[in-house]
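S.K.: Have a look at this one before I ask anything.
Just so you know, all these numbers are worked out from the coordinates, no wet-lab data involved. All values derive from a computational prediction rather than experimental measurement. Here the Cβ is made from the backbone with ideal geometry for all residues, glycine too, and neighbour counts use every protein chain on show.
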């Protein structure tokens, strides 16, 4: 479970870094309406890191009492962020 949490948090941070880097260079547009206003701010990567840490901590706490649920949730989040990062790379390659 520990490695899965590290991967989950790492993918969330990678998504934030990619979003910040790609959008600020005008290569892509942020499609998440909740993040559109924030992605151009210099605080955005910090917010993503804090959010990833909070997610990992919450999953770790859940895992102490409900390990199967936490593993399922962490796997779901990991697959989601793998899909998001794959989508980001696909859009970047197509738009290049």
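S.K.: Mind telling me which of the residues 39, 84, 7, 28 ends up being part of a loop (DSSP other than H, G, I, E, B), surrounded by 14 or more Cβ atoms within 10 Å (Cβ to Cβ) and in contact (Cβ under 8 Å) with a residue 40 or more places away in the chain?
M.R.: Answer to the selection: 28.
S.K.: Does region 54-63 contain at least one residue that is more than 14 Å from the chain's Cα centre (by Cα), touching a residue at least 60 places away in the same chain (Cβ under 8 Å) and part of a helix (DSSP H, G or I)? First the steps, then the outcome.
M.R.: Here is the first cut: in region 54-63, the residues more than 14 Å from the chain's Cα centre (by Cα) are 57-63.
Filter once more, keeping what is touching a residue at least 60 places away in the same chain (Cβ under 8 Å): 63.
Pick out the ones that are also part of a helix (DSSP H, G or I) and you get 63.
Yes, that holds for at least one residue.
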